[in-house]
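The values are calculated or read from the model by the stated rules, or taken from the named source; none is laboratory data. The shown structure was predicted, so the numbers you read here are calculated from the model rather than taken from an experiment. As a convention, Cβ positions derive from the backbone with ideal geometry for all residues, glycine included, and neighbour counts pool all protein chains shown. Side chains are part of the model used for accessible areas, which takes the heavy atoms of the whole protein and leaves out ligands, DNA and RNA. Shrake-Rupley method; radii C 1.70, N 1.55, O 1.52, S 1.80 Å.
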Amino acid sequence: MPVRVAVIPAAGLGTRFLPATKVVPKELLPVFDTPSLQHTVDEAIGAGIEHIILISNRAKPAIEMFAEKASGGARITVVYQDSPRGLGHAVECARELVGDAPFAVLLPDELMGDSSHLKDLINEYDATGKATIGLKRVPRNEVSAYGCITPQGVPDATGRVGIRDVVEKPNAVDAPSDLVIIGRYVFGRDLFGFLATLKPAAGGELQLSDAIGNMARTGKVNGVLISCTRHDTGTPMGMLTASIDAALKRRDVGPQLRGWLETRLKGQ
Ligand code: UTP
C-alpha cells in the first residue's frame, strides 16, 4: 500500500518560545515569512502525501484556522490531543484516522530543504516493509539533545543502516553512536501496538523513541541518513538561523540581507 497519509504533531506547549507561544503556536512562527508548519505541509505534499492528520491542542485554535486555510492539494484533518502527554501519545491520537494505511510522521520543528529525504524514507519503506527512520550524524557532544540509535554495522554507501535500539537523550560518553533521529519517520500499522504498551518515561511523557526502540529490538526498523539541508527550528536560535538561511536564498531579499549582514558584522 503506497504511503499517502502523514501525521504532523503540533499539540506541544512550545515552552522554549515563551512568551511568543502564549499567543502564537510555535508551529506557526514564521521562518522568514512562511509559518514553519506550512513548510512541513509542503514537504509532505512534495513526497506524495494526500491526507495530513494534524495533532493539535484545544488551547491552540490558530492551528485549526491554519488547517482550514492551508492550500497545496492535500486534505488536512485536525485531531486533538487532550493534553501534551508526549510525542508517542500524540501519534497514537491519529490511530483511528490512519486505519490500516502506512503513514509518515513529520515533526514541524525540523525544517528540511526539500521533500527528497521524506521520499527516500518512503521508498525504503516500500522496498523493505520495515519502519524507516530519518537519521543524521552529529558531533558526539550534541547527541544528548536527540534520540540516539544503536546501528547494525555501518551505513552503506546510500546511507541505509539497520537500527538495533534507540536511547533518548544519552550522555555523550554513554551514547551508542553519533547517529541521531531527526523527526522524519515512516511506519506501518504495527507501530500502534508498540505505542499502546508504552510506559511513561522520566518526566511522565510517552516517548515515540521508546516505541521505536521496542520495535527495533524485534529487527523491524531501518534508518536512512539525511542528504538534504536541515534546520532545528525548535529553539529560538535555530529559528533565527533558518530564517536567515531562507532569506539569503531568496532572489528578492537575499542580496539586500547579505549587504546588511556584511555591514553589520563590520560593526558599522
Ligand atoms: P517538542 O518537544 O519539540 O515540542 O515536540 P514542545 O513540547 O512544544 O516544545 P518545548 O520543549 O515545550 O519548547 C516536537 C513536536 O511534537 C509536538 C510539538 O507540538 C512539536 O511540533 N508534540 C509534542 C505534540 O504534539 N504533543 C506532545 O505531547 C509533545
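Would you work out what percent of the accessible area of the chain, with all protein chains in place, is carbon or sulfur (probe 1.4 Å)? Kindly include the intermediate steps, with their values, before the conclusion.
Working: 6750 of 12790 Å².
Its accessible area is 53 percent carbon and sulfur atoms.
Determine the sum of side-chain charges near LEU28: Lys and Arg each +1, Asp and Glu each -1, restricted to other residues whose C-beta is under 14 angstrom from that of LEU28. Numbers along the way, then the final one.
Details: positive: LYS22, LYS26, LYS60, LYS69; negative: GLU27, ASP33, GLU64, GLU68, ASP109.
Net charge around LEU28: -1.
Work out Dmax and Rg for the range 123-268 from the C-alpha atoms and quote the Rg first, both in angstrom.
Reported Rg and Dmax, both Å: 18.8, 60.
So, counting K/R as plus one and D/E as minus one, what does the shell of residues with Cβ under 9 Å around HIS117 add up to?
Values: positive: LYS119, ARG184, ARG230; negative: GLU43, ASP114, ASP120.
Here the count lands on 0.
Among THR34, GLY12, PRO2, flag the residue with its Cα farthest along the positive direction of the charge dipole of the chain, charges on Cβ as +1 for Lys/Arg and -1 for Asp/Glu.
Positive-most Cα among the choices belongs to THR34.
What order do you get for 43-51, 17-25 when each peptide is scored by the mean count of other beta carbon atoms within 10 Å, highest first?
Ranked from most to least packed, the peptides come out as 43-51, 17-25.
Largest first, what is the accessible-area ranking of PHE32, PHE66 with a 1.4 Å probe? Each step should come with its number before you reach the end.
On the way: PHE32 85, PHE66 25 Å².
Order by accessible area, largest first: PHE32, PHE66.
Between ALA157 and VAL23, what is the label-to-label distance in nm when each label sits 7 Å out along the Cα-to-Cβ direction?
5.5 nm
For every other residue with a beta carbon closer than 12 angstrom to the beta carbon of ALA70, add +1 if it is Lys or Arg and -1 if Asp or Glu, then tell me the sum.
Numbers: positive: LYS69, ARG75; negative: GLU27, ASP42, GLU64, GLU68.
Residues close to ALA70 contribute a combined charge of -2.
Which of the peptides 204-214, 159-169 is most tightly packed, and how do the rest follow, judged by the mean count of other Cβ atoms within 10 Å per residue? List each step's numbers first, then the result.
Working: 204-214: 21.3, 159-169: 19.6.
In decreasing order of mean packing, 204-214, 159-169 become 204-214, 159-169.
May I ask you to give the solvent-accessible area per residue for the chain, in square angstrom, as obtained with a 1.4 angstrom probe? Working shown, then result.
Values: 12790 Å² over 268 residues.
For the chain, the solvent-accessible area averages 48 Å² per residue.
Would you mind checking the tilt of helix 36-46 against the longest principal axis of the Cα atoms of the chain, expressed as 0 to 90 degrees and rounded to 10?
Rounded to the nearest ten degrees, it is 60.
Using a basic spin-label model with each label point 7 Å from the Cα along Cα→Cβ, how many nm lie between ALA101 and THR197?
Result for the modelled spin labels: 2.8 nm.
Working from Cα positions, state the angle (0 to 90°, nearest 10) between the long axis of helix 116-128 and the longest principal axis of the chain.
10 degrees
Bin all alpha-carbon pair distances of the range 20-136 at 5 Å intervals from 0 and give each bin's fraction as a whole percent.
The percentages, shortest bin first, are 2, 10, 20, 24, 23, 13, 6, 1, 0.
Please report the equivalent ellipsoid semi-axes of the range 182-250, computed as sqrt(5 x eigenvalue) of the Cα gyration tensor, largest first, in whole Å. Kindly include the intermediate steps, with their values, before the conclusion.
Numbers: eigenvalues 200, 55, 15 Å².
Taking √(5λ) for each Cα gyration eigenvalue gives 32, 17, 9 Å.
How big is Rg to Rh over the chain, alpha-carbon atoms, Rh as the Kirkwood inverse-mean-distance radius? Numbers along the way, then the final one.
Numbers: Rg = 18.4 Å, Rh = 19.1 Å.
So for the chain, dividing Rg by the Kirkwood Rh gives 0.96.
Pull out a ≥ b ≥ c, the square roots of the eigenvalues of the alpha-carbon gyration tensor of the range 136-213, then state rounded if a/c is under 1.5, prolate if not and a/b is larger than b/c, and oblate in the remaining case. If you can, show how the numbers build up before the last one.
Numbers: a/c = 2.26, a/b = 1.24, b/c = 1.82.
Taking the square roots of the gyration eigenvalues as a ≥ b ≥ c, the range 136-213 is oblate.
Would you mind checking the tilt of helix 236-249 against the longest principal axis of the Cα atoms of the chain, expressed as 0 to 90 degrees and rounded to 10?
70 degrees
Residues in the range 1-36 near a label at ALA59, defined as backbone nitrogen under 15 Å from the 7 Å Cα→Cβ point?
Under 15 Å, as judged by backbone N against the label point of ALA59, lie 10-27 of the range 1-36.
Kindly work out what percent of the DSSP beta bridges joining two residues of the chain are antiparallel, to the nearest 5. Write down the numbers at each step before the final one.
Values: 24 of 43 bridges.
Close to 55 percent.
Given 0.36 nm per residue, what is the gain on full extension from LYS169 to ASP82 after removing their alpha carbon distance, in nm? Provide the component values of the computation, followed by the final result.
On the way: separation 87, 0.36 × 87 = 31.32 nm, distance 2.57 nm.
Contour length minus the Cα-Cα distance gives 28.8 nm.
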